[in-house]
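The values are calculated or read from the model by the stated rules, or taken from the named source; none is laboratory data. Model, not experiment: these values are computed from the prediction. Note that we place each Cβ from the backbone using ideal geometry, even for glycine, and neighbour counts take in every protein chain shown. All accessible areas refer to the heavy atoms of the entire protein, side chains included, with ligands and DNA or RNA removed. Shrake-Rupley method; radii C 1.70, N 1.55, O 1.52, S 1.80 Å.
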Amino acid sequence: MKETHIPDVLATGKFFNAKMCKVLVEEEKGGVTYSVQYTTTDKQTLERYYKEDADRLRQDITKLFAGKFVAFRTELEIVSEH
């Protein structure tokens, strides 16, 4: 993730930041869970990423980690920052 996938996503030019976090809540089945959050400027840029890049990058990561991960998308909008 740190050496290939995250740099590949950032190389699309559609995101200006990526955060990889370890989830501290223990899973019932054990193991370690991570979350990656990418930041973009607007919804239109995100839609361009989905259309132009997402399928290819998802295929690449699936090959690297086949059977070892679950992925899902959650879109967040910043309401306020303090």
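Brief remarks on what is shown
- Of the trypsin sites (Lys or Arg not before Pro) found in the chain, those that fall in a DSSP loop while having at most 15 other beta-carbon atoms within 10 Å are LYS2, LYS29, LYS68, ARG73.
- Fraction in percent of alpha-carbon pairs per bin - 10 Å, the chain: 14, 48, 30, 8
- Lysines with Cα under 30 Å of LYS14, excluding same-chain neighbours fewer than 8 positions away: LYS2, LYS22, LYS43, LYS51, LYS63, LYS68
- Note on THR33 and THR4: the extension gain reaches 8.6 nm, defined as 0.36 nm multiplied by sequence separation minus the Cα-Cα distance.
- Here the chain is scanned for chymotrypsin sites (Phe, Trp or Tyr not before Pro) in DSSP loops (not H, G, I, E, B) that have at most 16 other Cβ atoms within 10 Å, and the longest stretch holding none of them is 17-64.
- Restriction of the GluC sites (Glu not before Pro) in the chain to DSSP coil positions whose beta-carbon has at most 13 other beta-carbons within 10 angstrom yields GLU3, GLU26, GLU27, GLU28, GLU75, GLU77, GLU81.
- With all protein chains kept in place, the per residue accessible area of the stretch 4-82 amounts to 85 square angstrom at a probe of 1.4 angstrom.
- Potential extension, LYS51-PHE16 segment - 0.36 nm per residue separation minus Cα distance: 10.8 nm
- Between the stretch 5-22 and the stretch 38-72, the alpha-carbon center distance in angstrom: 10
- Cα-based convex hull volume of the stretch 24-65 per residue, rounded to whole Å³: 108
- Accessible area ranking (1.4 Å probe, heavy atoms, ligands and nucleic acids excluded), largest first, for LEU57, LEU64, LEU24: LEU24, LEU64, LEU57.
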